[in-house]
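To start, the structure itself, in structure tokens.
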Amino acid sequence: MCGIVGLFIKDKGLEPRLGALTAEMLATMCERGPDSAGFAVYGPAVGGKVKITVQSASPETDFADIGPTVSRAIGGDVAVAVRSSHAVLTLAADKAEAARKAIRKALPNVRVMGLGEEIEIYKEVGWPTDVSDRFHLTQMSGSHAIGHTRMATESAVTTMGAHPFSTGSDQCLVHNGSLSNHNSLRRELRRAGMEFETQNDSEVAAAYLTWRMSQGMNLGEALEKSLEDLDGFFTFVVGTKNGFGVVRDPIACKPAVMAETDQFVAFGSEYRALANLPGIENARVWEPEPATVYFWER
């Protein structure tokens, strides 16, 4: 079944409340996805730096020396901020790929959740509000955020199977539905150079959009193309460094509702996710049309 929320801030005065508002929205979706949850927050960038969010089942061991280990491998400074089972490594942007390779080689039990100038991704198995509390979502600020509560149907209940999925810099996707052609599409994308961490169909959708954007498309154009190439039923909410997009398949059997004011654009699988947003009583509220891309960009 799964639950999705998304919040794209237009009014900078609302950015300090991004995490708190997203956490409240995510809490309303617990029953739709009780086995795991996750969220991506686009926070302030640090000039010339990139953030790599990583996860470990044994953070006490794996994170103890992760900073010095990666620093030695890339020949540059690495700042580390630990949040429970996740850590955010901040380093020079031109060292990002070297750092990713160093993590895979020296720390095989550490998984990269996401990478980019602004994005941080946190996801774990567990009741969604517990996941939000574990990573202190209410304290986070930023320009936009996407969240997901999962009811597993296509794969096992694991941290790596939770959403969001990120397959490109500052990009992520959450999905409610099921793709029928994900196996063949995964093979095609691997031939194009894309890498995969799981067998989850949603990761294929994320990789597809990354691939399309690598060809020069913006997020809106990539979502339009997905309607031609992806089979199945789906609602996607997608984030990039500057953009926020929503698309539903032509049948649109998965529930979705959106709201827009001068302060924000919001998405929820159900209206109750939007009900407590500031100024919602004056918002334009609508159900996204089938096979229609909705896209906002800074």
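The values are calculated or read from the model by the stated rules, or taken from the named source; none is laboratory data. Given the structure is predicted, the values throughout are model-derived calculations rather than measurements. Here the Cβ positions follow ideal geometry from the backbone for every residue, glycine too, while neighbour counts run over all protein chains shown. With ligands, DNA and RNA removed, areas are computed over all heavy atoms of the protein, side chains included. Shrake-Rupley method; radii C 1.70, N 1.55, O 1.52, S 1.80 Å.
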Theoretical gain in end-to-end length, ALA275 to THR198 [0.36 nm per residue, Cα-Cα removed]: 24.3 nm
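From the protein chains alone at 1.4 Å, what is the descending order of accessible area for SER214, SER84, largest first?
On the way: SER214 90, SER84 50 Å².
Final ranking, largest accessible area leading: SER214, SER84.
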Solvent-accessible surface (1.4 angstrom probe) belonging to SER85, in square angstrom, nearest 10: 0
Estimated FRET transfer efficiency (GLU260, ASP77; beta-carbon r; R0 45 Å; 0.05): 0.60
Residue-count net charge about ARG212 - beta-carbon cut-off 10 Å; Lys, Arg +1, Asp, Glu -1: -2
Projected label distance in nm at GLU297 and ARG284, using a 7 Å step from Cα toward the beta-carbon: 1.9
Among ALA205, ALA96, GLN55 - extreme Cα towards positive end, dipole of the chain, charges at beta-carbon: ALA96
The range 1-146: C-alpha gyration tensor shape, a/c 1.5 cut-off, then a/b vs b/c: oblate
Cα-based reach from LYS105 at 27 Å (exclusive), listing lysines while leaving out same-chain residues under 8 positions away: LYS49, LYS51, LYS95, LYS123
Carbon and sulfur %, accessible surface of the range 82-178 computed with the full protein complex present, 1.4 Å: 47
Model label zone, THR138; criterion: amide N under 20 Å from point 7 Å along Cα-to-beta-carbon; scope the range 250-285: 273-279
Alpha carbon centroid spacing (whole Å) that separates the range 229-298 from the range 155-176: 18
Selected from VAL70, VAL204, VAL174 as most flexible by GNM, with the chain as the system and alpha-carbon contacts under 10 Å: VAL70
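Tell me whether the range 188-298 comes out rounded, prolate or oblate; compute the Cα gyration tensor, take square roots of the eigenvalues as a ≥ b ≥ c, and use a/c under 1.5 as the rounded threshold.
Judged from the Cα gyration tensor, the range 188-298 comes out prolate (a/c at least 1.5, a/b above b/c).
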Most mobile of GLU118, GLU287, GLU24 in a GNM of the chain (Cα contacts under 10 Å): GLU287
Segment ALA20-ASP231, extension gain: residue separation times 0.36 nm, minus the distance between their alpha carbons: 72.4 nm
Table column - 3J(HN,Hα) (Hz), the range 32-41, Karplus curve with 6.51, -1.76, 1.60, x for Gly and Pro: 6, x, x, 8, 6, 7, x, 7, 10, 10
